[in-house]
There are 2 protein chains.
Amino acid sequence: MDQRISVITLAVHDVAAAKAFYQRLGWRTWTGLETAEIAFFQCGGLVVALYSAAALAADTGLDRSRPGGITLAVNVRQRDEVAAELAAAVAAGGTLLKAAEEKPWGGTVGYFADPDGHPWEIAWVPQFPLAADGSLILPGD
Amino acid sequence: MDQRISVITLAVHDVAAAKAFYQRLGWRTWTGLETAEIAFFQCGGLVVALYSAAALAADTGLDRSRPGGITLAVNVRQRDEVAAELAAAVAAGGTLLKAAEEKPWGGTVGYFADPDGHPWEIAWVPQFPLAADGSLILPGD
C-alpha cells in the first residue's frame, strides 16, 4: 500500500451543520461533487470529506454512527489495484471489512481494518485522478 | 484554523505490533523521535502517528482506548496560536476538550471536538517546523 493518505472521511450526523462549522473555522468547500450527503475540503495534497454517518456505516459495514467515526483512504491509479491492495492488507494481518465492489458512481472501493480496528478504504475513483506525486488535488481547486 | 492536516494519530493497543503491520504493508518509519509509545510515518505533506491508546486518552481526556480512536492535528507556527485557534473553534461551535498546555517535550498542545465529537489537536511542536506551504516534513526524511 502506498505510504500516502488521499482522503480523511469524518462521519457526521448533519452534513450541512458540520460543513457550516468548518466554514466558520475559515475552511472553503470544493463544490464539484457536493451533495446533501457529502462535503469536500482540499487540504494540501489530500481531501477531508464530511459524510453522512448512516451512509458511511452502510459503506463500511461498521457501526460508524457513533461520534468519532473516521475512515482513511488510499486512492489508487487502476481499478484492479483495489482488490490487490485489500488482499495485501489481509496477508499482512488486517481484516477484510468490505471486498472491492463497483459503485453506482463508477468507482471501485473496498475496506479493511488494521489490527486495532482502524478502517482503511482502498479506492479507485475515476473522478479524482492522482497527481504524479500521489497527491489528490480536487479538479479545478 | 488553516485548511490543513498536519498529523493523523491512530490510537493503538500495542505500538510495536501496529508498526509491524504497517511495515508489512510497505510503509517506512521515521525514527527520529520514535519511542516505545509512538511511531511515525511520513505521508506526503503530513504525518501518520501510531500512538499508545492509553497515552492518547490521557492527552485528550477522552476515552480513546476503544478501537477507532483517531485525532487529527493542525500544527501552527507560533506557540500562542494554539490558544487562539482553540478559542476560535469554540466560538465556531466546537467544544473545548483540553486547553492549551505546555508539554514536557517543549511543545504546546490543546484539543477541541467538532459538533460530531471528532477530536482535533492544535499543536505547536518546535521539533516539527512547517514548510512554507504548510506541509509537515519530518526532519531528515
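The figures follow:
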{"quantity": "Subset of region B:103-116 [crowded, with 17+ Cβ neighbours inside 10 Å and either assigned by TED's automatic domain parsing to the domain that holds residue B:56 or part of a loop (DSSP other than H, G, I, E, B) (or both)]", "calculated": "B:107, B:114, B:115, B:116"}
{"quantity": "Entirely in region B:1-102, the strands (runs of 3 or more DSSP E) that have 2 or more residues that are crowded, with 21+ Cβ neighbours inside 10 Å and within 10 Å of another protein chain (Cβ to nearest Cβ)", "calculated": "B:7-12, B:38-43, B:46-52, B:70-75"}
{"quantity": "Selection from region A:53-82 of residues that are modelled with pLDDT of 85 or more and in contact with a strand residue (DSSP E or B) (Cβ under 7 Å, 6 or more places away or on another chain)", "calculated": "A:72, A:73, A:74, A:75, A:76, A:78, A:79, A:81, A:82"}
{"quantity": "Residue match in region B:132-139 (condition: under 15 Å from residue B:45 (Cβ atoms) and surrounded by 22 or more Cβ atoms within 10 Å (Cβ to Cβ))", "calculated": "yes"}
{"quantity": "Only one of B:104, B:126 that is in contact with a Gly (Cβ under 6 Å, 6 or more places away or on another chain) and farther than 27 Å from residue A:71 by Cα", "calculated": "B:126"}
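The values are calculated or read from the model by the stated rules, or taken from the named source; none is laboratory data. All values reported here derive from a predicted model rather than from experimental measurement. For neighbour counting, all protein chains shown are included, and Cβ atoms are generated from backbone atoms with ideal geometry for every residue, glycine included.
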